[in-house]
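Novice: Please see the structure below; I have some questions.
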Amino acid sequence: MVDQMFGENGMAALIQSALCEVVFNRPVNDRYRHLAVVAPPAALAAAPGQFFQLLCPGNGEGSHFLRRPMSVYRVVPDACRIEFLYKIVGTGTKGLARLSEGDRLDVFGPLGRGFRLAPSLQHVVLLGRGVGLATLAPLAEAAAKRGVRVTALLSAARRAHVMSVEHLRSVGAHVQVVTDEDGSADPASVEERLRVLVERDGCDLIATCGSDRLLQLVRRLVVELSIEGQVALEQQMACGIGMCHCCVRLFQGSEGPEARRVCHDGPVFDVRETLSW
Ligand SMILES: Cc1cc2nc3c(=O)[nH]c(=O)nc-3n(C[C@H](O)[C@H](O)[C@H](O)COP(=O)(O)OP(=O)(O)OC[C@H]3O[C@@H](n4cnc5c(N)ncnc54)[C@H](O)[C@@H]3O)c2cc1C
Ligand code: FES
């Protein structure tokens, strides 16, 4: 199945369903796994913030009827590989966790609109909680490649659940970790850190994913400090291509609240347009 939709910065991109060979599928800690598959050229064009619909194996014969959305965590063009970082939560991701090297996974994408990096960008701050980090990691890589300073503020319940610190440092990001364990992840402390970062280093963009509380904090701060804010939303999805309206949420439009499809109009949005629900 091949189709055309919009990728990074609204550019048309090829969408494809492909049966991809699993290169590895290894545990990162007791909750998360890291999966890599060999992917066709269209998939390798995935932009930061875009996602794939994965046809997860079922608990026996066949697969789940509904695909599960998963952000692209990493693209390694030289090895023709795309990678995912996922949390095991239910039957779909449990099925994913059973895949072994050499198995095949049906991958559909890349889908949605990703993060937008303005040419004038000088310093981006990433604020990720839990698996939201998987969505922000390729943004760190893309921004750093453009010579943009990147600070990643990673939030997790426990230090043992913080992932990808080495990967983010290897792409040039300055990493800070906050946890519930030591109280540093509470919104007031995170706000203090963000204010210091913006005042001390300047910041053009705060990008966030993985927590509604952090989204609310970012929305308030970017309005007050007049900087750009983008959020990658995780919404339950079915088709992933704008047809079923399963993922509709309300956003602030120019003439009041309006319904948008997270899979098609996002999943990355301007934080100023998001509404709490
Ligand atoms: C655009 C997008 C990107 C995502 N990227 C990642 C990622 O990189 N890594 C990752 O671990 N997870 C990601 N998710 C969430 C992931 O899709 C869900 O965890 C997964 O679909 C759960 O499927 P399941 O069958 O294991 O669980 P289920 O048994 O279906 O559900 C278990 C729990 O997960 C919730 N859930 C189910 N589907 C979704 C969904 N689509 N979005 C949010 N919550 C859901 C359910 O409400 C339930 O509480 C992303 C979701 C979206 C929409
Ligand atoms: S998941 Fe079907 S329209 Fe978004």
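Novice: Would you tally the net charge around Val131, using a Cβ to Cβ cut-off of less than 13 Å, leaving Val131 out, and scoring K and R as +1, D and E as -1? Kindly include the intermediate steps, with their values, before the conclusion.
Specialist: Values: positive: Arg31, Arg33, Arg68, Lys87, Arg129; negative: Glu234.
Within the 13 Å Cβ shell, the charges total +4.
Novice: On to the next question. Where does the charge balance sit around Cys56 when Lys and Arg score +1, Asp and Glu -1, over other residues with C-beta under 11 Å from its C-beta? If you can, show how the numbers build up before the last one.
Specialist: Values: positive: Arg67, Arg68, Lys94, Arg98; negative: Asp106.
So the environment of Cys56 carries a net charge of +3.
Novice: Roughly how many Å² is the accessible area per residue of the chain, as a whole number, for a 1.4 Å probe? It would help to have the intermediate numbers written out before the result.
Specialist: Details: 12500 Å² over 277 residues.
Ligands and nucleic acids excluded, the figure is 45 Å² per residue.
Novice: How large is the dipole of region 233-277 about the Cα centre if only Lys and Arg carry +1 and Asp and Glu carry -1, each at its Cβ, rounded to the nearest 20 debye? Let's see the in-between values first.
Specialist: Details: 4 positive and 6 negative charges, 23 e Å.
My answer is approximately 120 debye.
Novice: Highest first, please rank the peptides 172-178, 221-227 by the mean number of other Cβ atoms sitting within 10 Å of their residues. Don't jump to the answer; show the numbers that get you there.
Specialist: Numbers: 172-178: 18.0, 221-227: 14.3.
Most protected by this proxy first, the peptides run 172-178, 221-227.
Novice: I'd like the carbon and sulfur percentage of the solvent accessible area for the chain, probe radius 1.4 Å, heavy atoms only, ligands and nucleic acids excluded. Numbers along the way, then the final one.
Specialist: Numbers: 6270 of 12500 Å².
C and S atoms contribute 50 percent here.
Novice: While we're looking at this one, here's another question. Using the charge dipole of the chain (Lys, Arg: +1 at Cβ; Asp, Glu: -1 at Cβ; taken about the Cα centre), state which of Leu205, Val28, Tyr86 has its Cα farthest towards the positive end.
Specialist: Going by the Cα projections, it comes out as Val28.
Novice: Take every DSSP beta bridge whose two residues both sit in the chain, then give the antiparallel share in percent to the nearest 5.
Specialist: Details: 45 of 69 bridges.
Among the beta bridges of the chain, antiparallel pairing accounts for roughly 65 percent.
Novice: Grab the other residues whose beta carbon is less than 12 angstrom from that of Leu233, score K and R as +1, D and E as -1, and report the net.
Specialist: Details: positive: Arg113, Arg249, Arg260, Arg261; negative: Asp212, Glu234, Asp265, Asp270, Glu273.
Every neighbour counted, the sum reads -1.
Novice: If you count, for each residue, the other Cβ atoms within 10 Å and average over each peptide, how do 48-56, 136-144, 228-236 line up from highest to lowest? Each step should come with its number before you reach the end.
Specialist: Details: 48-56: 26.6, 136-144: 24.3, 228-236: 20.7.
Packing order, densest peptide first, comes out as 48-56, 136-144, 228-236.
Novice: Let me ask you something else. Take the alpha carbon atoms of region 71-128, find their center, do the same for region 149-209, and report the distance between the two centers in whole angstrom.
Specialist: Region 71-128 and region 149-209 have Cα centres spaced 20 Å from each other.
Novice: With +1 on each Lys and Arg Cβ and -1 on each Asp and Glu Cβ, and nothing else charged, work out how big the dipole of region 144-277 is about its Cα centre, in Debye to the nearest 20.
Specialist: Numbers: 16 positive and 19 negative charges, 72 e Å.
Dipole magnitude for region 144-277 comes out near 340 debye.
Novice: At 222 nm, what helix-only mean residue ellipticity would the chain give, in deg cm²/dmol to the nearest 500, using -39500 (n - 2.57) for each DSSP H run of four or more? Before the final figure, lay out each step's value.
Specialist: Values: 7 runs with 64 residues, N = 277.
About -6500 deg cm²/dmol.
Novice: Over region 117-231, what is the relative contact order in percent, taking alpha-carbon pairs closer than 8 angstrom and at least six residues apart?
Specialist: Details: 190 pairs, mean separation 35.0, N = 115.
Relative contact order comes out at 30 percent.
Novice: Would you mind calculating the relative contact order of the chain from Cα pairs under 8 angstrom and at least 6 residues apart, reporting the percent as a whole number? It would help to have the intermediate numbers written out before the result.
Specialist: Values: 628 pairs, mean separation 46.8, N = 277.
So the answer I get is 17 percent.
The values are calculated or read from the model by the stated rules, or taken from the named source; none is laboratory data. As the structure is a prediction and not an experimental result, all values here were calculated from the model. As a convention, Cβ positions derive from the backbone with ideal geometry for all residues, glycine included, and neighbour counts pool all protein chains shown. Calculation scope for accessible area: heavy atoms of the full protein, side chains included, ligands and nucleic acids excluded. Shrake-Rupley method; radii C 1.70, N 1.55, O 1.52, S 1.80 Å.
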